[in-house]
Every structure is written in structure tokens, then in C-alpha cells.
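Below is one structure; the comments refer to it alone.
Computed from the coordinates by the stated procedures, all read-outs in this text should not be read as laboratory data. Since the model is a prediction, treat every value here as computed from it, not as a measurement. Ideal geometry is used to build each Cβ from the backbone, glycine not excepted, and the neighbour counts take in all protein chains shown.
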Amino acid sequence: MITKVSNHSEDAASLTERARNVLPGGITRSTVYVPPHPPYAATGSGALVQDVSGHVLVDCNNNYTSLIHGHSSRQEIVEAAVSATRSGTAFGLPTRHEVDFAEYLAARTGVEKWRFCNSGTEAVLMMLRAARAFTQRDTIIRFAGSYHGTGDEVVDPKAAGVPKWVEESVLVVPQGDLDALKDALREHGNRVAAVLIDLMPNRAGLNPATREFVQELRALTRRYGVLLAIDEVISFRLSWGGFHQHYGVEPDLISTGKIIGGGFPVGAVGGKAGFLREFDPARAGAVMWGGTFSANPVTMVAGLTALRLFDQDAISALNAKGESMRGDLEAAGVRVNGFGSLLRIMTSDTKALWWSLYERGVLAGSNGLLALSTAMNDKHLSHVIEAVAEGARNVGDTGTPEQ
Ligand SMILES: Cc1ncc(COP(=O)(O)O)c(C=O)c1O
């Protein structure tokens, strides 16, 4: 199945050299950087991706979890996007497509109101701003090691280029530490706008939060008048209306993205009407939110079509495949974290693991993340299990896993 198909006109070495001349570090997304330089993708089809050297891989990266149906595998999505492209890709007016999509999301999630943007990063930042505007408080609590994009409030406050005020207005609590969370709220609760949480943070190890922790978090935020802002940019795929439903908690605000764009750039903020009112431009003092390409028709129709195809049966089937793969890998001695269709191979050498998997025809995330898609068949899944078991063994697994 995994065979060399064809050579493309320009090889990776030449592209890398050209890239290093015009792109800092030779790359546009630091998140896809794998030293010394990642290979270049040429084409994708269903569960497979081919690089410019003609090397074919089962795509378990799926553009960092966003391609829930793989590459152009569902004609319905392709046709919806092509048809929207033919009718005009962006307007300085709203279109009915954003109304259709927001209605669908509201019905699917039970979250009343929605706003669209073009990335998860943007969604998280606007969600936090809405929380600040609503509560008239400045401080955000978040959890150490979780990734929420690259906005000031959610990166390391000491990182280069981050303004000093960030350190004063963001409290970082250890992952899953209820006592530390209680202490932070006891001491600072009356100035905290929101607690921001990813219920299964990839960079922090892809361990799902415990039910007890999440339920206690919900109760604590209510007690202190703090909004619960759940970042579902990755985890939305795990349950019908978002992963929070698995925990039986109701968020005040939710950010999502990735799979809801059907393969196109997207982000979204959802929330109860009372909170999302902050964005209503007819209100005095509304939170300003533009976005030239926000809610563009191509993303809206592709996203709506992709989600309709990812119904409860598809979610359950994909999650079951993930659980089965996790079981097989664990039986083969591989350390695997995650839940449902998201897995992470835990290793002390993510770079070596990545290349080891690449050589064996599997494209993973740069930290060992595997995201299954509905385009994968049994042959693809068996290939991944075999390649990962062998690849992980080849790398060895000593020391503390990288986060
Ligand atoms: C949980 C989470 N939040 C936010 C983001 C940022 O999303 P984007 O890359 O679309 O800006 C990501 C990206 O991986 C994410 O995993």
C-alpha cells in the first residue's frame, strides 16, 4: 500500500535552500518545524499524503488534527467548497452561510450563540476578551503546559516579545492541581475573569482531565463569579457537541476551530447569549471584532458539510478505532496517552520518533501526536500500528517524556 508513486519536479533539499533565503528559519509555521528541516508535502488523497520525493505516508497528523475526513476524501465537501468558490469567496457583507453554520453549531452543541474567525488562536483571544469585558476583571487563570495558540496571554509570559503586563494578569496553575486552583481563586478570585482550560491538552501530555477535577472546576468558577472558558480547538472532535459533554459540564464560553473548517482556515467562539452579547456591535461599549475573511463562505460551507458527515456514528466509530489502536500499541510496549481518535506516543526523543515514523510511512505530529481520520481503512490502521510499534522500539524510550 505504501509505495513510491511519483517524483515531483523539485526536491526537498532545493526547496529547503530556497525557503531559508526568504522565510525565517526556512519555515512559516514553527509548529511544523522538525529539525533539521521538514520534508515538503506535495499532494494528499484520503488517508495518504505524498511528499515531493514521492514518499507516501499514512497521514496521522492531518494538519494537526484538523482534517477529520482526511484529504479531499468526501466529494460532498470538495463540491461545497468548489461551488462556494465559484459564487464568490468573500464579501464585505454577511452571507446566509454563516447563519446556516451558526444554527447548526447551536443545535449540535446546545451553545446558544457563535462568532467565527480564521484560527483557533484568534478564537481563544476573543473568548478571553469577552470574559474580561463581561466580568470587568482582568486576570485569567490557565494551566501550565497547555497550548492555546500564540496570543500574549497564553504563551510563556517570559517569552521574547511578550509585554510585561501579561505576567501580572495571567496566573498559571499546575495541570490538574485542584489545591493550587483553589488557592489561586481564594487569593485572587475577585479579580479573575476566566479560567481557561483544554480538557485534554496535547502539549501537556494528552491526558484527559479527570471528571472530578472538571466538575469541581465548574463549581468553583460559579462560586467566584468567574467564567469557565473551555478551549475545544482540538478536542471538539471527541464528542458530538464538544468534549465538555463527556464531562457533563456546561461552559460559559467555548473556543473551537480545526475540524469545523472542513479543511479551511477557521476559529469560532461560542457561548451563552448573555456573554456573547459583548460582541454585539449595536451595543454601546461592545468588544470590537472584525476579521476581513471571518465567516467566508468557503469555510462556512465546507465546515458545515464536514460536520454533518461527522455524525454520532462516525464519532463513535473513529473513537473506537483510536481506543483499539491504543490497546494494540500498549500491548506492543509503546507508551500511549490520549482519548478516542487522538493518541500521543510518549517518548524522550520526539525528533527521533518523528523521523523514525516518517521513514516507516507514517506522518505524525512533531511531538508524537496521532490524529485519526474517517478516511483511514483497516489497512491504513494496521500499517500505522506496525510502523509505530517498530518506530518507537527503534527510538527506545528512556528518560522523561518531552511535553
Ligand atoms: C487547544 C488549542 N487551542 C488553540 C490552538 C490554536 O489554533 P490555531 O493553530 O488554529 O491558531 C491550538 C492549535 O493547535 C490548540 O491545540
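Quick notes on this structure:
- Note on the chain: with charges restricted to the Cβ of Lys and Arg (+1) and Asp and Glu (-1), its dipole about the Cα centre is near 620 debye.
- Three semi-axes describe the equivalent ellipsoid of the stretch 66-123; taken as square roots of 5 times the Cα gyration tensor eigenvalues and ordered largest first, they are 21, 17, 13 Å.
- With Cα atoms, 0 to 90° folded angle of helix 120-135 axis to the chain main axis: 10
- The chain: most fluctuating residue of Ala193, Ala284, Ala306 per GNM, C-alpha cutoff 10 Å: Ala284
- Helix 178-188 vs. the chain, principal-axis angle (Cα, 0 to 90°, nearest 10): 40
- Anisotropy class of the stretch 189-297 from Cα gyration tensor, a/c 1.5 cut: oblate
- Sorting the segments 155-162, 371-378, 252-259 by their residues' average number of neighbouring beta-carbon atoms within 10 angstrom, most packed first, yields 252-259, 371-378, 155-162.
- Calculated translational diffusion coefficient of the stretch 15-122 (37 °C, 0.692 mPa s; Stokes-Einstein with Kirkwood radius over alpha-carbon pairs) equals 191 µm²/s.
- Nearest-ten-degree value, helix 297-309 long axis tilted from longest Cα axis of the chain: 80
- Restricting the stretch 3-106 to trypsin sites (Lys or Arg not before Pro) in coil, as DSSP defines it, with at most 13 other Cβ within 10 Å: Lys4, Arg29
- The trypsin sites (Lys or Arg not before Pro) of the stretch 273-368 that meet both conditions, a loop assignment by DSSP and at most 16 other Cβ atoms within 10 Å of the site Cβ, are Arg283, Arg335.
- The alpha-carbon atoms of the stretch 75-309 define a convex hull whose volume equals 126 cubic angstrom per residue.
- For the chain, the Rg and Dmax computed from alpha carbons only, in angstrom: 21.2, 62
- Taking the charge dipole of the stretch 75-309 about its Cα centre, with +1 at Lys and Arg Cβ atoms and -1 at Asp and Glu Cβ atoms, the residue from Gly285, Ser146, Ser235 reaching farthest to the positive side is Gly285.
- If you run the Gaussian network model on the chain, springs between alpha carbon atoms under 10 Å, then out of Ile230, Ile385, Ile140 the most flexible one is Ile385.
- The chain, helix-only ellipticity at 222 nm - DSSP H runs n ≥ 4, -39,500 (n - 2.57), divided by all residues, nearest 500: -11500 deg cm²/dmol
- According to the Cα-based calculation, Rg over Rh for the stretch 138-262 is 0.95, with Rh computed by the Kirkwood formula.
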